[in-house]
Structures are given as C-alpha cells and as structure tokens.
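Participant: Structure below; questions to follow.
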Amino acid sequence: MTARPHTYTKFKEVQSELERSGSAIYRDAEGVESLIVRSPYSINYVHSYAEDSPFFLGLADGKLRGSKCRKPKCGFVFATPRSHCMVCGAPTEWVDLPNKGRVHSWTTCHFGSEAFLKETPYNLAMVEFAGVGSLLLVRLKECVESDLYVGMPIEARFESNPKYSITDVWFVPSR
Amino acid sequence: MARREGSTVPARANTKSKSSPKRATRVRTPSPKGRRVYMVTGGVTKFAKAHPAMDFRLMVKRAYDYALKGIPNLTADRIDGTRISYFSDHFARQLKAASMVQDYLGMNPKGSVRIEWGGATGGECFQAAYEAVASGRMDVCLGAGFETMSRVPTWKGNEFIALASDTNFDFPLGGFYTGYYALMVVRHIYEYLRLRKFQDVTDEREAQRLAVEEGCRIMSLVSVKNHRNALHNPYAQYPKRLTVEDVLNSEMISYPLTREQICTMSDGAACVILCDEARAKEFTDKPILVTGVGTGTDTMRLADRPFGHVPLLPHEKAKDYEDLRYPGVHSFRAGRAAGIEAYRMAGITHPNEQLDFIELHDAYASSEIQTYEDLGLCKYGEGYEFVERGDPFLKGIDYGFDVPRAGAIPVNPSGGLIACGHPVGATGLMQAVFAFWQLQGTIAKHFGDPTLQLKNARRGAIHSHAGTGSAVTVSILERGFR
C-alpha cells in the first residue's frame, strides 16, 4: 500500500476541540497515521419474556417456577423453564420448584461485563433440586469464595422490590 | 448431494439418574460422496490487541494477498465464490460487513454468504467452503474471516460476547463467559480430581480446595505450553516465557481461572482457499486433503445440559463410563459429536495414534483439557494426567519442567488461542492455515523459524468451539502428496 499523505492542516487547527470528543490521530510504529473518532451508541430494547413470563412474574410473588413435560411417559422437569419439552417435544406445564437445593457448580467472578463490573466480586452457582432434571443458574449471596463447595445446601431469597429480572431471585447458604 | 441416513452411536441402558432424558445422543454417520476437497493455500495477519491502521477489509486483503503469493496460476478470476465469517455485528458496528470484504477483494458479482456460529465461526466458515467445493457448486472457494474487537473496551467486549448467552436467564446474572467456563471447570475438577484423587479427604471443603489447587496447577502447565510454543510463531499476539507460578499468580478473573489461562480479544484476519482435485494439482505440488468434517451442538444454557450417557468413540467401551452422568456441565458434548463425525469420515479409530497434531480451541486452559477428553486423546477423567505425562507438549522446547512423553500428540503447536489471540471470525481459519503449513512442512518458510515444524506430520485436526460448547467443529486435514 502506498504511503498516506501527511497534510493534516485543518485537523491541527481544530485538534484540541476534536480531542475533547476523544478523536485523535494514531501513529503506529511505522509512522502510519490513522484518524480515530468516537461515537457513543445506546438503545432501549423492548424485550418480551413471552412464554417465559410466568417465571419472572412468579419471582415477584416469591415463587420459583419450573416446567414439567405434560406427556406422562416423559414427565421431564426443567428447573430453567421452557414451554416445550426438549426431550420429547410435548408442551410443558408450570410446576413449583423447591426453595432449597444444592450447589452443582459455582464460581466467584472478580470481573464481568461492563454492565456488572461495579457488582464484582459476585458468586454464580448452578442449583440442582431434588427430583428435577436440569439446573438453574443464580447469584449466590451472603457467602464468600472460601465458604463455597459443590454440594453445599442453599435456599432461595426473593427481591421484595422486583425488577423483573432473573436477579429477583438469589440463593444463600441454608442455615 | 444426497446423504444416506446413518446409524447412531449406541448408548447404554439408563441405569442412574431417574430424571435423565432416556434417549441416546444420536450422531449421524456421514457418507462422503462429494468430491475430494483440497486446501491449496492460506494466509493470516498477525493477531494484535488493535490494528488501528487497518480496518477489517484491509486485514482480510493482507491475508488474501499472502495466500495468493507464490501461486502464479491462482488468480482472483479462478475463484468461483467466497464464504466470509465474522462473529459479532456489535464489534464491527457495521452490519453486513462481509459484503464490504467481498467488494474490497474485487469478488463481485461472485456468490458469497456470511457465516456466523459464535466462537466456532471460523471453523464453520472452513466447512462451508469445504461444502461449496465438495458439492460441485464451486471448483475454487475462498474462505475468509476476521474480527475487529478493539473498537470497544475489554469489559464492554465481554458484554458483547456474553450477549451470546441466554439474555433472559444467563446474561443478567453478570454476563460473563469466563464465569460460565469457570462453572464448567469447577465441576470438571469435582468429577475427576475431587472424586478420584482426593476421595480419602473427609472434610468436603478441604478436599475440594485441594482438588482445585491441583487442577489449577495442571491447567497452568497448558498455559505455559501454549505461550512458550508461541515464542516461535511470529503471528502470535502474546508469546511469553511463563512459569507455572506466573500463571497461578496472575490476576484472578473468575475462580479458579486466572488471566494467563484465558485467551484475549484481538484484531485479525485469516483466509483459506479450497478447491477440487484437478485444480489442486494445477495450483500446488503440496496440496492438503480435507478427509473429515464434523460438527455438533449443545444447549445454549449450561443449565439445560442433560445428564445422560457418553457417545462412544470406536476405541472406548460403555463400561469405561458406567458412573459418568454426561455431559452435565463438565464436558462438551458438541465436541464429542463433532469428533465422532469427523473421525468416522476420515476413518480414524484411534485418534491419539492416528493424528500427528491438533490445533484446538483453547479459549481457556481448562477447555483445552476438557477437549482432550471430548476428542478421545485420552478417556474422560484422564485429561489432567494426559497433561502431566506431557503428551500434548512439543519435543525440543524447554518448558521449564519435565515433559516425559513430549511429542506423543502435540496440541496447539502454534500456541493456540491463549497465545495467538482470538479474533473470533478468523480464529478457526487461522488454525486451518497453521495446520496446512504444518502438513506441507513449510512452517520454517512462513514462521521464519523451524522450531514448531513437526517431523513428518501427515494428518492433523483443527477444532473450533462456540460459547460453553454450544457448537463445535472438527476438521481433519491430511497430506495430499508424497
């Protein structure tokens, strides 16, 4: 590729103004210059929980709801609900999950997505419930990294001021 | 092209969990009736944290020009069409970016399609190009991929990646892929180290703490291996001479995974050119034959993974895994399915004997170990021993510790994702290019350093993997010349 021209008169005139917006000339090791500009980007999504809605509405009532395959021969119970059975394809019905379970696996996140960085460190756990065929991923509170182990008995707590998010439920060590 | 319906992998009777789905994991038997497909060339840009002086079009162009260099008969007019891969429209902030690659390369009005399948995007692009040629639709197909991840800060980038997890149930909890992989390895360590190596320790917390310590020490060996291999790969983003202590003492990202056990975000591009037999022989005297392709999937949510039975490879027996509830959250069923399909097509019955090396998707040191087991390099549960014995290490490289069986089956001789970087849409194609040079015996020419060239490498596998193993591809490449 041919060398880029080096005549940025106008840019230099308004450089300080541009730099306030985060724009800049980047010069690499070979002296190749590139113009860098910044453009913020945000959007308010309109998101429907659709067929998963009863789960999130249930959290506001302090209820943990899973789904059970309606086909008697199958009857698979999902801790994370789905309106059709993944095993046999039949429709499912809503069932109450136990409020108590055990840690199937866990981690403590010391970093996270930008949106959650301010909440670090936080614990994640996959919960297994007796008689339920799949797991539920939740936040685990009121405990620290050194307390946690696979098999630990835990129980659900619910947000009294619901945000209609999966974070309306969390688990704590059973006492 | 017609495909015959295949047999399925037999599953054992359901003896354990009452709540497990009572069905076998079916894996289709491929019936390769298509044309023989060869890789004739490839190119890669150096992967870097950022390439501010190149946008994605120019990166792909650089990789493409490199691929064409030295093959006088292979000019743009000989290419029938393209398959172009990138993972995230969020990172690109340019929808339909593949169209801009297509026109930058002067490929209009030839056919193309954008390929996206999470972290396995590059591997899927390779197989899409394979299918274009195998089916007879094209004689020569360019597969090109890229990612520009530097346009957003690292933790915003993590957010974009985590949007490739369920946004109802998973993302709002913290939206963090390292966290998801940490959940998987904590369980893997529990299954295979806590229950097997520390079964005599009675205090449960203490037993698990010891098991995690042991698991992390062994994962660190993998990180040291890949970073040190990369010292001889000029394309790698993070070649480093690390010690086990360096890896263990690096910043904790999500327990128990530390920074040096995790790949980084990158800017980069890679491309491959695949063609039929007649053109392959015209273009090069060192063509590489694609003898197997396989792909598999699993649930998007980790929480939905079943507790069933292991789909067996030919060298395994059902009784090997009588007590194992599979895949749970400890193993990648998609990787196993992809391996079964690719091996069967390539006629591989004993992968660790019949493969000379593997370029494997080590987004995490933990997932490299889990993948050894999925691909049958060792049995489920033997991944940690496999590392300690030294099987996946290279001969002739000083890792700073003993590797008794170094060279048994080198894994990630290039340095893998951990050391090369992971510009998602390019990564699986990068593996194809490194494997191609390895099989051609041209590593010294392309790397300017002969150290990583395996002696007499005749057959290798490449393995590309999407979020928590929700999709995996395996492709087998073999020397197509004497």
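Participant: So how many residues does segment B:373-397 have that are surrounded by fewer than 24 Cβ atoms within 10 Å (Cβ to Cβ), within 26 Å of residue B:234 (Cβ to Cβ) and in contact (Cβ under 8 Å) with a residue 40 or more places away in the chain?
Facilitator: 3
Participant: Right, next: Across segment B:70-102, which residue is nearest to the other protein chains (Cβ to nearest Cβ) among those that are without any contact (Cβ under 8 Å) to a residue 24 or more places away in the chain and of a type in the set (D, E, K, R)?
Facilitator: Among those that are without any contact (Cβ under 8 Å) to a residue 24 or more places away in the chain and of a type in the set (D, E, K, R), it is B:89.
Participant: OK, next. Identify, please: which residue in segment A:26-37 is under 27 Å from residue B:160 (Cβ atoms) and facing chain B (nearest Cβ under 10 Å) and is, among those, surrounded by the most Cβ atoms within 10 Å (Cβ to Cβ)? Step through it out loud before you land on a result.
Facilitator: Start the filter on segment A:26-37 by keeping residues that are under 27 Å from residue B:160 (Cβ atoms), which leaves A:26, A:28, A:34-37.
From the residues that got through so far, the ones that are facing chain B (nearest Cβ under 10 Å) too are A:26, A:28, A:34-36.
Working: A:26: 12, A:28: 13, A:34: 15, A:35: 12, A:36: 12.
Selected residue: A:34.
Participant: Anything in segment A:116-130 that is within 13 Å of residue A:100 (Cβ to Cβ) and either in a loop (DSSP other than H, G, I, E, B) or within 7 Å of chain B (Cβ to nearest Cβ) (or both)? List them, or say none.
Facilitator: Once the filter is applied, which keeps residues that are within 13 Å of residue A:100 (Cβ to Cβ) and either in a loop (DSSP other than H, G, I, E, B) or within 7 Å of chain B (Cβ to nearest Cβ) (or both), segment A:116-130 yields A:129, A:130.
Participant: From the list B:183, B:142, which residue is on the phi < 0 side of the Ramachandran plot, at the interface with chain A (Cβ under 9 Å from one of its Cβ atoms) and either among the basic types (Lys, Arg) or touching a residue at least 60 places away in the same chain (Cβ under 8 Å) (or both)? If you could, list the steps in order and put the result at the bottom.
Facilitator: Details: B:142 fails: at the interface with chain A (Cβ under 9 Å from one of its Cβ atoms).
Residue meeting the stated conditions: B:183.
Participant: Sticking with this structure for a sec: Take residue A:109 and tell me if it is over 26 Å from residue A:47 (Cα atoms), in contact with a strand residue (DSSP E or B) (Cβ under 6 Å, 6 or more places away or on another chain) and at the interface with chain B (Cβ under 7 Å from one of its Cβ atoms).
Facilitator: yes
Participant: Given the criteria among the hydrophobic types (A, V, I, L, M, F, W, C), surrounded by 17 or more Cβ atoms within 10 Å (Cβ to Cβ) and under 21 Å from residue B:438 (Cα atoms), does residue B:48 qualify? Can you show your working first?
Facilitator: Values: among the hydrophobic types (A, V, I, L, M, F, W, C): yes; surrounded by 17 or more Cβ atoms within 10 Å (Cβ to Cβ): yes; under 21 Å from residue B:438 (Cα atoms): no.
When the stated conditions are applied, residue B:48 does not pass them.
Participant: Now for a different question. Name the strands (runs of 3 or more DSSP E) wholly within segment A:1-92 that hold at least 1 residues that are at pLDDT below 95 and either under 20 Å from the mean Cα position of the chain (by Cα) or closer than 20 Å to residue B:55 by Cα (or both)? Explain how you work it out, then say what you get.
Facilitator: Numbers: elements: A:24-27, A:33-36, A:65-69.
Ranges flagged: A:24-27, A:33-36.
Participant: Determine the pairs where a residue that is within 7 Å of another protein chain (Cβ to nearest Cβ), located within segment A:131-158, has a partner that is outside any strand (DSSP E or B) and at pLDDT below 95 with Cβ atoms under 6 Å apart, the partner being 6 or more residues away or on another chain.
Facilitator: Short answer, once both residue conditions are applied: A:133/B:19.
Participant: Residues in segment A:103-111: is at least one in a loop (DSSP other than H, G, I, E, B), modelled with pLDDT of 95 or more and within 21 Å of the chain's Cα centre (by Cα)? Before the answer, list the steps.
Facilitator: Here is the first cut: in segment A:103-111, the ones in a loop (DSSP other than H, G, I, E, B) are A:110-111.
When the remaining residues are screened for being modelled with pLDDT of 95 or more, the result is A:110-111.
Next, from what is left, pick out any that are within 21 Å of the chain's Cα centre (by Cα): A:110-111.
Scanning segment A:103-111, I find at least one residue that is in a loop (DSSP other than H, G, I, E, B), modelled with pLDDT of 95 or more and within 21 Å of the chain's Cα centre (by Cα), so the answer is yes.
Participant: Looking at B:191, B:251, B:206, which is the one that is within 14 Å of another protein chain (Cβ to nearest Cβ), closer than 30 Å to residue B:45 by Cα and not small (Gly, Ala, Ser)?
Facilitator: Details: B:191 fails: closer than 30 Å to residue B:45 by Cα; B:206 fails: closer than 30 Å to residue B:45 by Cα.
Matching residue, one of B:191, B:251, B:206: B:251.
Participant: Is it the case that residue B:179 is within 26 Å of residue A:59 (Cβ to Cβ) and either at pLDDT below 95 or surrounded by fewer than 23 Cβ atoms within 10 Å (Cβ to Cβ) (or both)? Before the answer, list the steps.
Facilitator: Numbers: within 26 Å of residue A:59 (Cβ to Cβ): yes; either at pLDDT below 95 or surrounded by fewer than 23 Cβ atoms within 10 Å (Cβ to Cβ) (or both): no.
For residue B:179, the condition - within 26 Å of residue A:59 (Cβ to Cβ) and either at pLDDT below 95 or surrounded by fewer than 23 Cβ atoms within 10 Å (Cβ to Cβ) (or both) - is not met.
Participant: For residue B:214, only one of the following conditions fails: (1) out of contact with any Ser or Thr (no Cβ under 7 Å at 6 or more places or on another chain); (2) in a loop (DSSP other than H, G, I, E, B). What is its number?
Facilitator: (2)
The values are calculated or read from the model by the stated rules, or taken from the named source; none is laboratory data. If you're wondering where the values come from, they're calculated on a predicted model, not measured in any experiment. Glycine also receives a Cβ, built like all others from the backbone with ideal geometry; neighbour counts cover every protein chain displayed.
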